[in-house]
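J.: Take a look at the following structure, please.
None of the figures in this text is laboratory data; all of them are computed from the coordinates on show. This is a predicted model, so every value here is computed, not measured.
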Amino acid sequence: MSRPAILALDLDGVLVDGMEEYWRSSLSVARSLGAPWTGSHEEVPPAFRCIRPWVHTGWEMVVVAWALAHGAAAEAFLQDYPGALRQWQTRLGQSPVALQDALERHRGDCLSRDPRGWLAQHRLYPGVAQRLCCCGAEGVDWVVITTKGREFAAALLKQDGLRPTAVYGREDGPKVRVLRRLLEQRQPVWFVEDRLPTLEQVTADPQLRGVGCYLAAWGYLRHADRQKLRPPTHWLDHAAFCAPFSAWPA
Ligand SMILES: [Mg+2]
């Protein structure tokens, strides 16, 4: 099969680079929780950039910003991300739900107060708009599956004139559940994601056998991701992503 019926794409690190926004929003929330940050609010610290590929859901970034403000070394997160995250979340004393709510409230405020400013902190990766425009002509529905809130994802896509068939956000549950629903609609489904553990979850799920899995090489990858990648997941470099589906690795 040389093309999907549905192309499912992650948002952050696949379609959009939002590093500036991740940092600024996370830091704002961390500061509201007492983080003593004295550095720049605007410039993304290299430590945050290095840790970002480990992040699964937004609230974790607040913990990372809070930890960095308290002098945490990036190494602690890079060597044992779940352990460091747990340790700093305990010190912060806030639940994931409370942190996610605070982050989304902050984003909601930014989006209503200064929509242009907020949207400008995100950039579409090169070639994305052109590639997605071709999907319609190829008879392929494309959808977005993200751990971000749906409202924010939709605002970002709208700003760039992108019109997916559907946007599935954090509210729609885990990505594997969304993929199961998509499989019931049309097949085959191909899924492009920059977080390897998510792709590993998909390939380990017997109900999702048949989903084509692609690791986006241009996204927020951890150093060892390319070496750790195992079939049936494919490495998708940017040139292949921009090419017709028949040229994608199979
Ligand atoms: Mg991602």
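J.: Which value at 222 nm does the chain reach when only helices count, each DSSP H run of 4 or more adding -39,500 (n - 2.57), with the total divided by all residues and rounded to the nearest 500 deg cm²/dmol? Provide the component values of the computation, followed by the final result.
T.: Values: 13 runs with 122 residues, N = 250.
Roughly -14000 deg cm²/dmol at 222 nm, from the helical runs in the chain.
J.: Over all pairs of distinct alpha carbons, what does the Kirkwood formula give as the hydrodynamic radius of the chain, in Å?
T.: Hydrodynamic radius (Kirkwood, Cα pairs) of the chain is 18.8 Å.
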